[in-house]
1. Of all the residues that make up segment 137-160, how many are crowded, with 17+ Cβ neighbours inside 10 Å and under 23 Å from residue 105 (Cα atoms)?
2. Quick one: which of 124, 167 is of a type outside the set (Phe, Trp, Tyr) and buried (at least 18 other Cβ atoms within 10 Å of the Cβ)?
3. What is the residue count in segment 161-216 for residues that are in a loop (DSSP other than H, G, I, E, B) and either in contact with a helix residue (DSSP H, G or I) (Cβ under 9 Å, 6 or more places away or on another chain) or not acidic (Asp, Glu) (or both)?
4. Might you check whether a residue that is of a type in the set (A, V, I, L, M, F, W, C) and touching an Asp or Glu at 6+ places or on another chain (Cβ under 6 Å) occurs anywhere in segment 142-162?
5. So which residues in segment 173-216 are of a type in the set (S, T, N, Q), touching a strand residue (DSSP E or B) at 6+ places or on another chain (Cβ under 7 Å) and crowded, with 18+ Cβ neighbours inside 10 Å, if there are any at all?
6. Can you find a residue that is touching a strand residue (DSSP E or B) at 6+ places or on another chain (Cβ under 9 Å) and either at positive phi or surrounded by fewer than 18 Cβ atoms within 10 Å (Cβ to Cβ) (or both) anywhere in segment 80-91?
7. Which residue, of 69, 47, 20, 92, is of a type outside the set (D, E, K, R), in contact (Cβ under 8 Å) with a residue 24 or more places away in the chain and assigned by TED's automatic domain parsing to the domain that holds residue 205?
8. Across segment 38-59, what is the total count of residues that are within 19 Å of the chain's Cα centre (by Cα) and modelled with pLDDT of 95 or more?
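The values are calculated or read from the model by the stated rules, or taken from the named source; none is laboratory data. Quick caveat: nothing in here was measured; it's all calculated off a predicted structure. Here the Cβ is made from the backbone with ideal geometry for all residues, glycine too, and neighbour counts use every protein chain on show.
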Amino acid sequence: MNNLANKIKIEDYKVILFDLDDTIYPHDSGLWEQVRNRIEQYMREELHFTGDDIPAIRDRLWRTYGTTLRGLQTEFQVDMDTYLEYVHAVPLDNFIGAQPYLTQILDDLPLPKFIFTNSDRRHAKRVLELLNVADRFTQIIDIYALKPYCKPQTEAFQIALDTVGEAPADCLFIDDSPVNLAKGQQLGMTTISVGQYAHDGSPHISHIQELPDLLA
């Protein structure tokens with residue numbers, strides 16, 4: 001954890017945008033690793049990629065297009081619905097469950113809260129229901145709402161801003177991806193980095209449980 005000396009005054013903002021995977025729940029839960037395995041399995045079984053280069057191809061698509069899905073759509077014309085159903089077919093309750101601290105953190109934040117995710121709404125709802133916090137969020141802004149864009153594209157952020165109805169300066173944005181955080185900050189949002197990868201321009205916490213330490 002760093003940069004905790006300069007706390008963020010929650011009253012300076014009108015809305016909070018939370019990423020979902022590896023942000024709302026701990027990055028070491030193993031859940032997103034299972035989803036990543038399902039993505040590579042999809043590439044192998046449905047698109048007939050072979051060899052040990054599948055992880056490298058997936059990584060290239062993710063870095064180039066923002067998500068593996070958008071890359072596969074662009075280069076291989078995959079069906080979005082089929083892909084998302086396949087890769088999210090994971091027994092979520094093996095990895096996450098209700099955590100009272102998360103409920104308390106969200107209840108203590110006196111602002112509308114939105115999920116802003118490159119996953120789909122069905123996956124997000126399953127995650128939030130298992131965490132027992134689904135009713136703490138005003139809306140889920142998912143990959144379908146962002147279509148044909150995704151984080152970190154500027155257009156995806158503009159869709160999110162239009163949805164919440166606020167200017168970037170009035171938004172607090174919490175994400176585990178330095179690339180996404182950099183874009184949010186570039187647009188004028190205040191950003192918080194959470195998880196295993198710090199973003200140089202954002203205060204960083206290793207776990208969402210530490211969020212209250214940042215807030216005045």
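1. 5
2. On the way: 167 fails: buried (at least 18 other Cβ atoms within 10 Å of the Cβ).
Just a single option satisfies the conditions, and that option is 124.
3. Matching residues across segment 161-216 total 18.
4. Initial filter on segment 142-162 (of a type in the set (A, V, I, L, M, F, W, C)): 143, 145-146, 150, 156-157, 159-161.
So of that shortlist, the ones also touching an Asp or Glu at 6+ places or on another chain (Cβ under 6 Å) come out as 143.
Within segment 142-162, one or more residues are of a type in the set (A, V, I, L, M, F, W, C) and touching an Asp or Glu at 6+ places or on another chain (Cβ under 6 Å).
5. Taking segment 173-216 and keeping what is of a type in the set (S, T, N, Q), we get 177, 180, 185-186, 190-191, 193, 196, 202, 206, 209.
Right, trim to touching a strand residue (DSSP E or B) at 6+ places or on another chain (Cβ under 7 Å) and you get 185, 190-191, 193, 202.
Correct list: 190, 191, 193, 202.
6. From segment 80-91, those touching a strand residue (DSSP E or B) at 6+ places or on another chain (Cβ under 9 Å) are none; that's our starting set.
Within segment 80-91, not a single residue is touching a strand residue (DSSP E or B) at 6+ places or on another chain (Cβ under 9 Å) and either at positive phi or surrounded by fewer than 18 Cβ atoms within 10 Å (Cβ to Cβ) (or both).
7. Numbers: 69 fails: assigned by TED's automatic domain parsing to the domain that holds residue 205; 47 fails: assigned by TED's automatic domain parsing to the domain that holds residue 205; 92 fails: assigned by TED's automatic domain parsing to the domain that holds residue 205.
Unique residue meeting the criteria: 20.
8. First, the residues of segment 38-59 that are within 19 Å of the chain's Cα centre (by Cα): 38-39, 58-59.
Filter again for modelled with pLDDT of 95 or more, leaving 38-39.
Adding up the residues that qualify gives 2.
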